[in-house]
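The values are calculated or read from the model by the stated rules, or taken from the named source; none is laboratory data. Since we're looking at a predicted model, the values are computed, not measured. A quick note on method: Cβ atoms are made from the backbone with ideal geometry, for glycine too, and the neighbour counts reach across all protein chains shown. Keep in mind that these areas ignore ligands, DNA and RNA; they rest on the heavy atoms of the full protein, side chains included. Shrake-Rupley method; radii C 1.70, N 1.55, O 1.52, S 1.80 Å.
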Amino acid sequence: MESATTGERFLVKWYAQSYLHCGHSYITKRFMVFREEETLEGRYMCYTEDIGDVCIFLSASEAFCVQASSFPGLKSNSIYFIGKGFGIYDLTSGTSSPFDISEGEPDTVAAPYWYPPFSF
């Protein structure tokens, strides 16, 4: 995916563990992020744990990036995911935090999509 604000390109690998619990479920274990780097020999995807002020959104729709500082409440250097789990992955600490689901709320997402920001 390419960040519209920074022009950087990223490749994200998503690692999840499958388990049986009231059907087939997944838990996200980790992500690996690769940033495109240009060298004298060409372009390469290089592993990184620092994407700066960027948040990556992954779901069943097309992945996209936004600048965290442009949207209050977003955590920079993080991946927001829906699909094999539902939560935030902090690239700095390498930890995944599922979104809290209050009692009485559905525990699955019927439409597992993030919608990119847009203006009218």
Check on Ser76, touching a Cys at 6+ places or on another chain (Cβ under 8 Å), modelled with pLDDT of 80 or more and in a loop (DSSP other than H, G, I, E, B): yes
Which condition number does Pro116 fail, the rest of (1) farther than 28 Å from Tyr19 by Cα; (2) modelled with pLDDT of 85 or more; (3) open to solvent by less than 80 Å² (accessible area, probe 1.4 Å); (4) not charged (D, E, K, R) being met? (2)
